[in-house]
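Structure first, then comments.
The values are calculated or read from the model by the stated rules, or taken from the named source; none is laboratory data. Keep in mind the model is a prediction, meaning the values are calculated, not measured. For neighbour counting, all protein chains shown are included, and Cβ atoms are generated from backbone atoms with ideal geometry for every residue, glycine included.
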Amino acid sequence: MNNNTFVHKYIKPLIRKDDLVVDMTAGNGNDTLFLSKLAGKVIAFDISKEAIRRCKEKLKDCDNVVLINDDHVSIDKYLQEKARLFIFNLGYLPNSDEKTITQAEKTLIAFKKAYELLEDKGYLIVTFYRGHKGGKDEYYLLSEHINKNRFHIYETYCQPKLDAPVTVIIRKDQSSTSI
Ligand SMILES: C[S@@+](CC[C@H](N)C(=O)[O-])C[C@H]1O[C@@H](n2cnc3c(N)ncnc32)[C@H](O)[C@@H]1O
């Protein structure tokens, strides 16, 4: 099972019909489409115009999705209420020039903001790709932050292959140390 299949299986029972959920890296819209079938409303970000174009096409029949063509570090500009789930599927847009790629330092800022905007008992899901340039640094920087702050890691998923993608599922708990 690849990481995306794992994530979809995992989150399906967690989302309720009136939930607000956020896709921080919409890409080709696969996660956004999946979430739109489960949640009340989905907000989906991508910094790439091409990704947003692909998403508009894929999501043309979904009336509960708001697509935002902006950097996900600006999440707090668009979201004032708390959300039930945030998902980050890091890296670059598949089948693109691979120039627009998530950057460790910015991803950390976006992660911190997302955690603040997460409901208590809500979920934050991150999939890291360690095989491309910068991917390992991003994984190490966020892992250090997650471990240092003793977040409740509910599950991790990684196939037993060198540099295979790693998925981390965090559940917010008010007893966790705040950032
Ligand atoms: C692996 S793809 C996401 C795949 C997507 N979840 C799907 O289901 O198809 C990663 C995406 O992150 C986007 N991205 C990179 N940096 C970003 C940023 N700072 N803010 C928002 N999106 C960003 C890329 O443009 C790319 O489309």
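Going by what's in this entry, would E81 be described as of a type in the set (D, E, K, R), at pLDDT below 95 and under 18 Å from I15 (Cβ atoms)? For E81, the condition - of a type in the set (D, E, K, R), at pLDDT below 95 and under 18 Å from I15 (Cβ atoms) - is not met. Among the residues of segment 109-123, those that are away from the ligand (no atom under 16 Å from the Cβ) and assigned to a strand (DSSP E or B) comprise L118, E119, D120, K121, G122. Reported count of residues in segment 124-145, each being β-branched (V, I, T) and either exposed (fewer than 15 other Cβ atoms within 10 Å of the Cβ) or within 11 Å of the ligand (Cβ to nearest atom) (or both), is 2.
Of all residues being among the β-branched types (V, I, T) and surrounded by 16 or more Cβ atoms within 10 Å (Cβ to Cβ) in segment 59-99, which is farthest from the ligand (Cβ to nearest atom)? Just the residue, please. Among those residues, the one meeting the criterion is V65.
Among the criteria (1) among the aliphatic types (A, V, I, L, M); (2) near the ligand (Cβ under 10 Å from one of its atoms); (3) closer than 24 Å to K112 by Cα, the one L33 does not fulfil is (3). There is at least one residue in segment 34-46 that is out of contact with any helix residue (DSSP H, G or I) (no Cβ under 8 Å at 6 or more places or on another chain), of a type in the set (S, T, N, Q) and crowded, with 20+ Cβ neighbours inside 10 Å.
When D23 is tested against the conditions (1) more than 16 Å from L118 (Cβ to Cβ); (2) in contact with a Phe, Trp or Tyr (Cβ under 8 Å, 6 or more places away or on another chain); (3) near the ligand (Cβ under 9 Å from one of its atoms), the lone failure is (1). The single condition among (1) at pLDDT 95 or above; (2) over 26 Å from K17 (Cα atoms); (3) of a type in the set (V, I, T) that T100 does not meet is (1).
If the condition is being touching a residue at least 12 places away in the same chain (Cβ under 8 Å) and closer than 25 Å to K99 by Cα, then segment 38-56 contributes I43, A44, F45, D46, I47, S48, K49, E50, A51, I52, R54, C55.
Considering the conditions (1) aromatic (F, W, Y); (2) in contact with a Lys or Arg (Cβ under 8 Å, 6 or more places away or on another chain); (3) under 20 Å from V21 (Cα atoms), F88 is excluded by exactly one of them, (2).
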